[in-house]
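The values are calculated or read from the model by the stated rules, or taken from the named source; none is laboratory data. All values derive from a computational prediction rather than experimental measurement. Here the Cβ positions follow ideal geometry from the backbone for every residue, glycine too, while neighbour counts run over all protein chains shown. With ligands, DNA and RNA removed, areas are computed over all heavy atoms of the protein, side chains included. Shrake-Rupley method; radii C 1.70, N 1.55, O 1.52, S 1.80 Å.
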Amino acid sequence: MSRSPAHRALGRSYGGERALTLVAGLLAVLAGAVALVVGQGWLGRFRGHRPLLDPMAVGWLGDHARSARIGALVLGVVLLVLGLWWLLRSLRPEPRPDLRLDRTPGAELTVTSGAITQAVQADAEEIIGVVRARARSIGTTAEPALRVTLWLREGSDVRRVWSDFDTYVLTRARESLGLDVLPTAVRLELDTTGPARVR
């Protein structure tokens, strides 16, 4: 299920990783529960004293050693490919989409993600109380969003900063880009990078 632009603005989704971890955990718990039930003899004492690998299965593998090796090799390759794909998927950087304002052939107009974030940062840093700002364009080309961090001067009026950011910076960004909606996640932090006092 795809996430909405507003949810994407809040943070990168790790739903796939969580789902894989949950499935692996459930399988491990299920295997442990089955081993406990069999080991305690709740399914019969004879079954609890049988070897871990069924003799019939071992015999079948011995009779079909070539097929078993090929199957194990194919399974290993498939698991390796899936593991590498999952690793690359987890480590890939979050996309920073450009915004296409005009798709007319021969007159295309595209605003790069860097230009969008620089404009938002510059406007945000003009707000009284904001020491510095950092913006990041996320989402997709069709549904762009912003993630912004504002570092505030000590004693700043947070309500006023937020009001100015919403009515000035975000409104200007939406109007400039021709968007009715521009989901934005804003993080406010107190600036602690001022000059150190010398005693």
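Within the range 125-148, the set of residues being touching a residue at least 12 places away in the same chain (Cβ under 8 Å), small (Gly, Ala, Ser) and under 19 Å from residue 183 (Cβ atoms) comprises 133, 135, 137, 139, 145.
Table: residues versus (1) modelled with pLDDT under 70; (2) more than 30 Å from residue 117 (Cβ to Cβ).
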| position | (1), (2) |
| --- | --- |
| 43 | yes, yes |
| 53 | yes, yes |
| 64 | no, yes |
| 68 | no, yes |
| 92 | no, no |
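Checking each residue in the range 83-126 for being in a strand (DSSP E or B) and not charged (D, E, K, R) picks out 99, 101, 109, 110, 111. Restricting attention to the range 142-160, the residues being exposed (fewer than 12 other Cβ atoms within 10 Å of the Cβ) and within 24 Å of the chain's Cα centre (by Cα) number 1.
Just checking, how many residues over the range 107-124 are exposed (fewer than 15 other Cβ atoms within 10 Å of the Cβ) and either in contact (Cβ under 8 Å) with a residue 24 or more places away in the chain or over 23 Å from the mean Cα position of the chain (by Cα) (or both)?
Looking only at that region, the number is 7.
Checked against (1) at pLDDT below 75; (2) open to solvent by 60 Å² or more (accessible area, probe 1.4 Å); (3) part of a helix (DSSP H, G or I), residue 80 passes all but condition (1). Residue 89 passes every criterion in (1) surrounded by fewer than 11 Cβ atoms within 10 Å (Cβ to Cβ); (2) without any contact (Cβ under 8 Å) to a residue 24 or more places away in the chain; (3) closer than 30 Å to residue 18 by Cβ apart from (2).
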